[in-house]
Each structure stands twice: as C-alpha cells, then as structure tokens.
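See below for the structure under consideration.
Read the figures in this text as sums done on the coordinates, not as results from a lab. Quick caveat, the model's predicted, so the values are computed rather than measured. In this analysis, Cβ positions are derived from the backbone assuming ideal geometry, glycine residues included, and neighbour counts consider all displayed protein chains.
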Amino acid sequence: MGAINIENLTKRFGETTAVDDLSLDIADSEFLVLVGPSGCGKSTTLRCLAGLETPTAGDIYIAGDHMNYRVPQNRDIAMVFQDYALYPHMTVRANMRFGLEEEEGYTKAEREARVEEIAETLGISELLDRKPDELSGGQQQRVALGRAIVRDPEVFLMDEPLSNLDAKLRAEMRTELQQLQHRFDVTTVYVTHNQTEAMTMSDRVAVMNDGRLQQVGPPLELYHAPENRFVAGFIGEPMMNFVEGRNEGDRFVGTYVEYPFDATIRDAVDGADDVVLGVRPEDVAVDTADGVDESDLGDYEFVMHVSVIEPHGDQNVVHLNHPGDTSESDLLHALTGGTDIFEQGSEVVVTIDPSHVHVFDGESGDALHNRRIGPEAEVTNV
Amino acid sequence: MSQSTPDTNIDVASLVEDVNLARIGQYVLVILFIGFFLAPLETGIMTALKTNEAVARTIPLAPPTGEGFTWGNLQFALEQLSGAFFNSLFMAIPATIGSVLFGSMAAYGLTMVRWRGQMAFLILFLVGIFLPYQAVLVPLARFWNNIFPLASMLAPTFETLPYLQDYHSNLVPLIITHIAYGIPICTILFRSYYQSLPSSLVEAAKIDGASVSKIYRRIVLPISKPMFGVVFIYQFTQIYNEFLFAFTLITGSDTPEAVVTLILPAVGASTSGIDFGIRMSAAFLAAIPTLIIYVAFAEQFAKGLRTGGG
C-alpha cells in the first residue's frame with residue numbers, strides 16, 4: 001500500500017544544502033505534516049517525493065518500490081500546489097479529466113463518470129463547465145483537490161494548499177481536508193509553515209529546520225515534550241518563553257531572575273553549564289501585586305511589570321518585564337483569561353510552577369528536561 | 001439625473017486660472033509633434049491621389065482638386081503589384097508560421113524542460129540574433145544555387161499544383177531561410193514569456209502523467225496564445241518587409257516570382273522620370289497586408305504585451 005520510506009535523503013542546489021540526510025518513515029494512510037520556517041527544506045523534500053527534483057543522495061520508497069529514477073507519472077501520486085496550478089484554458093471538467101487521460105483501463109464514459117462522481121463528493125458539480133478564472137479561491141482549491149483525488153493515487157502530496165485562502169475559509173477547508181483524507185484513506189504528506197495546520201490536522205508532525213529533521217511525533221508530543229529549543233519555539237502560539245542563564249547546581253541564574261531547581265530537574269540538567277529555561281505562556285500565572293510584600297514571595301514567584309497587553313477577547317497576552325530591566329524586549333509573555341484584566345504599567349506577581357518548566361542546553365539547544373504531566377504520566381499518553 | 005448639475009457647468013474662472021504659459025507651451029509642443037508625424041503621411045496620401053501634373057503644380061500637403069484628382073495611380077500600382085502580392089504572401093505566411101511555431105517549441109524546450117547543455121544551446125540562439133544578414137548572403141546564395149538547388153528540384157512538382165507555376169518554387173528556399181533566421185528572435189521572445197508562467201502548471205501536468213510533447217500541445221501552446229499574437233505580428237512584418245534575402249535569392253524585380261519589396265523600387269520609375277503619384281500609391285498598397293495583420297491580431301497583441309512577455 002502507500003507507505004513511504006525516506007532514507008538518508010540529501011538534496012543540494014549547487015553549494016546550498018536544502019535537505020540534509022533526512023530519514024523518515026510514513027505509514028500507510030497516515031496524515032503526516034511537514035512543518036518548518038521558510039527555506040527549511042520541507043517543500044524540497046515534497047518535490048523529491050513527487051519526482052520533480054532528483055535527490056542528490058539517499059533513497060525514496062513508495063509502497064516498497066524504489067522511486068529515485070521514476071518519473072512523476074509512474075509514482076502513483078497526486079499533488080496539490082500552493083497556487084492550485086489549474087490549467088487556465090480548460091474547464092473544470094477538462095482539468096479534472098486531464099490526469100485520467102493517461103491512466104489505463106478507463107473508457108471515455110468511465111472517465112466522465114469518475115469526474116462527475118468526485119465532483120459530486122466535493123460539491124463542485126455545478127462548476128464543472130466553468131473556467132478556473134471564474135471561480136473563487138475556495139472553489140479553485142476544491143477543484144485542485146478534485147483533480148488529485150480523481151486519479152485515486154497511493155499518496156497525496158500537498159504543498160501549502162490552504163495558504164492562499166482567507167482565515168475563515170482556511171479553517172473550514174482544514175476540517176474538510178481531514179474528513180476527505182479519512183474517507184479516501186490515502187497516505188498524505190502535507191507541507192505547511194503554519195503550525196496551527198500542523199497541530200490540528202496531522203496524525204504525526206515532522207518539524208524541519210535548515211534542511212534537518214528536528215523531531216517527528218504526534219502533535220501533542222511535540223507540544224509537551226519537544227526534543228530541542230527549535231521545536232519548542234516553533235510549536236505553540238504565542239511562542240514558548242525562553243530565559244537564558246547559567247546552571248548553578250541547585251538553581252538557574254539569569255540576568256534578572258533566579259529560579260530554584262527541584263531534585264528532578266537538578267538531575268536532568270547536571271553537567272550543563274549554560275541553560276535556557278522554557279515555559280509556555282499559558283503556564284505563567286499572573287496575579288495582582290496589591291498588598292504583597294517582596295519578602296512574602298515564594299521561590300517560584302517574581303514581581304514583574306506589565307509592559308503591553310494584547311486582548312484577544314477570550315484571552316489576553318500579557319507582556320512582562322522585570323522592574324530593573326530597561327531594555328525594549330520583554331522577558332516573559334503570559335496568557336491570562338479574557339476577564340483577567342491587568343493595567344499596563346502595573347506591578348504583578350508571576351508564578352511559574354516547577355512542574356511546567358522545560359530546560360534546554362544553552363549551546364546545543366537539546367532539551368534536558370521537559371515539563372511533567374501528572375505524577376509519573378508519560379507525556380505521549382496525553 | 002434630474003438634479004441640477006453645477007459640476008457640469010464650465011467654471012470659467014478656474015479655466016482661466018489653469019491657463020498659464022507652461023500649459024500653452026506644452027500644447028504647442030504636442031501639436032507640433034503631431035504635425036511632424038502626420039504631415040508626411042498626409043502628404044503621401046494626397047500625392048497618391050494626384051495626377052503627375054498636379055503633383056508638380058500644387059504643394060504636397062494640399063488635397064487634390066478637380067482635374068488633379070485620380071484613382072489611376074492606385075489602379076496602375078495594383079496591376080503592377082498584384083503578382084508580387086501573391087508571391088509575398090505565399091512566402092511570408094508559411095515563413096512566419098514556421099518561425100513562430102519552431103521558436104515557441106525551442107523556447108519551451110529551453111525553459112520548461114530540463115536537460116544537460118541547455119545553456120550552450122541558448123547561447124547559440126542568441127548568437128543567431130546578432131548574426132548580420134550581410135555576412136551570410138554569399139554563402140546562402142551558393143548553398144541554394146550550387147550545393148542544394150532545392151528550387152529547381154521542386155519546379156516540376158510546382159508546375160502540377162493548382163494556382164502555382166514552376167517559378168514559384170524559387171520562393172521555397174526563401175521561406176526556409178526566413179524560418180531559420182527567424183527562429184532565434186522568436187525563441188527569445190517566447191522564452192521570456194514562458195519564464196513568467198508559473199512553473200507549477202507544467203509540474204502539475206507532469207504529475208498528471210503528461211509527456212513532454214503532450215504538455216506542450218495541451219498546456220503550453222494554448223496558454224501562449226497572446227504571445228503568439230505578438231510574435232506573429234512582429235515576425236510577419238519583418239519577413240514581409242525584408243529585402244536583402246529576397247534580393248539575393250530571387251535576383252531581380254523582372255522575375256515573375258519577385259516579392260513586393262523587390263518590385264516596389266521599380267514601380268513608377270522610368271527613364272522619363274519618377275511618377276510620385278504611382279510610387280506613393282504602390283507604397284500604401286504594399287503596406288496594407290501588415291495593417292490587416294495588426295488589426296486582426298490587435299486584441300492578442302494588447303493581451304500579449306500586457307502579460308509582460310514582449
């Protein structure tokens with residue numbers, strides 16, 4: 001069936017290495033999202049899978065067959081492009097039929113029937129005789145999907161298919177794509193730079209940066225147990241807070257904050273010199289500082305200063321600074337409930353629970369310690 | 001609609017305000033330039049419609065009056081040129097279609113299909129553009145006359161064809177020469193257009209299983225219709241108006257297969273002097289086919305220029 005194995009894939013363009021020694025196994029009918037910032041090599045990986053680029057080194061197998069030297073049409077794949085790439089001079093019907101013309105075993109009538117059937121499923125039957133430029137963005141998107149589905153491939157490859165849609169339509173199409181994928185049960189590799197799409201749609205997410213695979217796993221594993229600082233920062237919105245400092249054995253010492261390590265963390269970070277403390281904005285608890293004396297504060301509590309508030313309605317993003325810090329950049333961002341309003345410029349007490357703290361190595365960025373969930377719970381079971 | 005229309009009333013005060021020296025200067029300059037460009041054209045048309053006597057007596061810009069007016073010049077010029085028109089079109093249309101089609105194919109191969117040594121071929125095409133025609137005239141004439149006398153080989157076949165005579169075969173080498181020398185510029189024009197097309201179209205077709213030739217036929221060719229308009233007009237004008245190759249390969253205005261550009265210098269010239277009326281008539285008649293092509297392809301032309309290729 002449509003399982004994909006990528007072994008030590010490397011792709012260079014002249015001097016630049018777009019993909020560096022990437023190995024990845026994708027199970028049959030899995031929905032895998034390749035995510036990363038622009039230029040991280042995710043699209044190149046997809047294009048190697050499609051056969052639009054030839055790998056410099058490494059092997060690609062689809063359904064157990066070696067693919068490196070096969071032209072795209074013999075790979076049994078279908079691809080959806082970011083700009084949809086609908087043939088502008090053909091009607092929707094002709095667009096969808098185009099790929100079928102090269103497939104064997106269809107009569108003319110069967111081809112027509114197949115096109116109509118898929119158009120019905122996607123709700124674009126009434127658009128069949130229109131040209132692409134008479135369609136809205138969402139409709140074009142559907143036609144592009146239809147053109148891919150109609151050929152009944154082993155693998156769907158999607159290159160940022162939703163990025164040209166407006167936010168509302170994107171959310172709708174996200175759900176619809178997921179449903180379609182379940183329905184046709186086809187292995188799907190989906191490239192995006194949008195981490196919301198990665199989190200919500202995928203069975204597994206593969207994060208790439210600088211041509212290298214950073215981590216592969218179910219979305220929540222990546223969220224709660226990132227393997228390095230890059231993954232921790234990339235997954236999650238607003239981004240995880242990072243505070244740089246030193247490991248002094250029993251405590252973290254940064255420019256403005258000191259944070260005591262408990263026994264578990266102490267063991268995990270043992271030996272590291274420079275460390276980075278990571279904490280998600282929703283794990284930063286904020287409370288008013290009215291009537292609180294500095295000396296009453298616990299080990300995990302700090303007095304901070306609210307520099308900016310971004311209200312979102314359901315929640316507020318609070319930008320926090322240390323009172324002694326005069327620089328422009330914020331020390332921490334915190335997420336608070338929509339009704340917890342803090343005044344800009346006011347003093348607040350910030351609490352960071354030690355069980356929510358991640359610690360990364362300052363040099364390599366590797367995760368030394370990830371947050372704990374429940375007493376001994378495995379993070380992957382969340 | 002029934003509203004009082006204060007804004008359509010001419011505001012005299014503001015009009016006066018707008019009139020200043022710079023503005024007047026601007027308009028005077030514009031009118032001068034229009035006159036500069038239109039006067040020769042007007043003179044030409046007027047001359048074409050005047051008798052020889054009227055040309056000598058009246059000022060060139062003045063319209064013909066009374067006795068001085070005649071259709072005779074046009075009639076005479078048409079008689080002189082009618083054979084040449086057929087020859088020219090018989091030569092220019094296949095030559096244009098050939099060079100445009102091959103140019104577009106070459107551009108497709110050089111931009112949208114990847115293969116080794118592409119750059120070297122592109123450079124060859126570029127060299128082809130800058131090759132001066134004068135440099136190849138002698139070898140060209142020797143090739144078509146001595147080494148590969150295609151015209152005389154084809155003459156018997158041409159005699160049997162309807163509407164054609166054996167001498168029309170002399171135009172075939174000219175057609176092939178024009179195609180060959182037209183391909184480089186057509187290729188470069190199409191190349192810039194193809195580079196502006198999204199590469200995902202061709203990639204989508206590849207994934208859909210289309211072969212290189214099917215992608216050209218079904219996707220690239222239909223999409224490049226506007227560019228075909230531009231290149232077709234350009235190339236037709238070039239080939240129709242070309243003189244040097246025609247002069248070299250057809251040899252003279254007295255031959256029956258002579259094209260318009262060969263006949264034109266001879267029309268209206270005789271030992272008794274030059275008949276300007278006839279010459280102007282012939283010149284305007286000769287320009288008509290290119291004008292027709294421009295009008296016929298105007299829409300494609302505008303679209304092609306707009307899409308940024310040309």
Could you tell me which GluC sites (Glu not before Pro) in the range A:95-169 are loop residues by DSSP with no more than 11 other beta carbons within 10 angstrom of their beta carbon? A:E104
Assuming a ≥ b ≥ c are the square roots of the Cα gyration tensor eigenvalues, decide whether the range A:234-314 counts as rounded (a/c under 1.5), prolate (otherwise, with a/b larger than b/c) or oblate. oblate
What's the center-to-center distance, using Cα atoms, between the range B:273-304 and the range A:193-232 in Å? 67 Å
Choose one answer from B:T271, B:T51, B:T187: the residue with the largest mean-square fluctuation in a GNM of chain B with alpha-carbon springs under 10 Å. B:T271
For A:E176 paired with A:D20, estimate the spin-label separation in nm (one decimal), with each label point 7 Å from Cα along the Cα-to-Cβ line. 4.0 nm
So, with points 7 Å from each Cα along the Cβ direction, the A:K108-A:H312 label distance in nm works out to 5.6 nm
Can you give the calculated 222 nm mean residue ellipticity of chain A, where each DSSP H run of n ≥ 4 adds -39,500 (n - 2.57) and the sum is split over every residue, rounded to the nearest 500 deg cm²/dmol? -6500 deg cm²/dmol
Low-density loop chymotrypsin sites (Phe, Trp or Tyr not before Pro), the range B:88-176, at most 12 other Cβ within 10 Å, DSSP non-H/G/I/E/B, are B:W115, B:Y163
Long-range alpha-carbon pairs in the range A:4-229, meaning those over 23 Å apart, account in percent for 48 percent
Point-charge dipole on Cβ atoms (K/R +1, D/E -1) for chain A, about Cα centre, debye to 20: 2060 debye
What is the projected area of the convex hull of the Cα atoms of chain A, averaged over all directions, in nm²? 23.0 nm²
Residues of A:81-90, mean number of Cβ from any other protein chain within 10 Å of their own Cβ, rounded to a whole number? 5
From Cα pairs below 8 angstrom and at least 6 apart in sequence, can you work out the relative contact order of the range B:101-220, rounded to a whole percent? 41 percent
Whole-Å distance linking the alpha carbon centroid of the range A:329-351 with that of the range A:85-159 is 51 Å
Please identify which residues in the range A:22-50 have an amide N closer than 17 Å to a label point set 7 Å out from the Cα of A:R183, following the Cα→Cβ vector. none
Using a 10 Å cut-off on Cβ to Cβ distances, tally the other chain neighbours for every residue of B:191-203 and report the average as a whole number. 3
How high is the FRET efficiency between B:S82 and B:S270 when r is their beta carbon distance and R₀ equals 22 Å, given to the nearest 0.05? 0.70
Cα gyration tensor of chain B, axes a ≥ b ≥ c as square roots of the eigenvalues: rounded (a/c below 1.5), prolate (a/b > b/c) or oblate? oblate
So what's the back-of-envelope 222 nm ellipticity for chain B, counting only DSSP H runs of four-plus at -39500 (n - 2.57) apiece and dividing by all residues, rounded to 500? -22000 deg cm²/dmol
Going from the fewest other Cβ atoms within 10 Å to the most, one would list A:M199, A:M239, A:M67 as A:M239, A:M199, A:M67
Would you work out which of A:T288, A:T16, A:Y300 lies farthest towards the positive end of the dipole of chain A? Charges go on Cβ: Lys and Arg +1, Asp and Glu -1. A:T16
In peptide B:208-214, what is the residue-averaged number of other protein chain Cβ atoms found within 10 Å of each Cβ? 6
Connecting every pair of Cα atoms under 10 Å apart in chain B and solving the GNM, the largest mean-square fluctuation among B:A107, B:A287, B:A56 falls on B:A56
How big is the protein assembly as shown by Rg and Dmax over its Cα atoms, in Å? 37.9, 122
Could you tell me which residue out of B:L81, B:P173, B:A286 lies farthest along the dipole of the range B:72-306 toward its positive end? Charges go on the beta carbon: Lys and Arg +1, Asp and Glu -1, centred on the Cα centre. B:P173
I need the calculated FRET efficiency for the pair A:E258 and A:T339, taking r as the beta carbon distance and R₀ as 35 Å, to the nearest 0.05. 0.65
Could you derive backbone 3J(HN,Hα) for the range B:157-166 from the dihedral phi with the Karplus parameters 6.51, -1.76 and 1.60 (θ = phi - 60°), listing whole Hz in sequence and x where the residue is Gly or Pro? 5, 5, 4, 7, 7, x, 6, 10, 10, 4
With a ≥ b ≥ c from the Cα gyration tensor eigenvalues, square-rooted, and the rule rounded for a/c under 1.5, otherwise prolate when a/b > b/c and oblate otherwise, the range A:199-260 is prolate
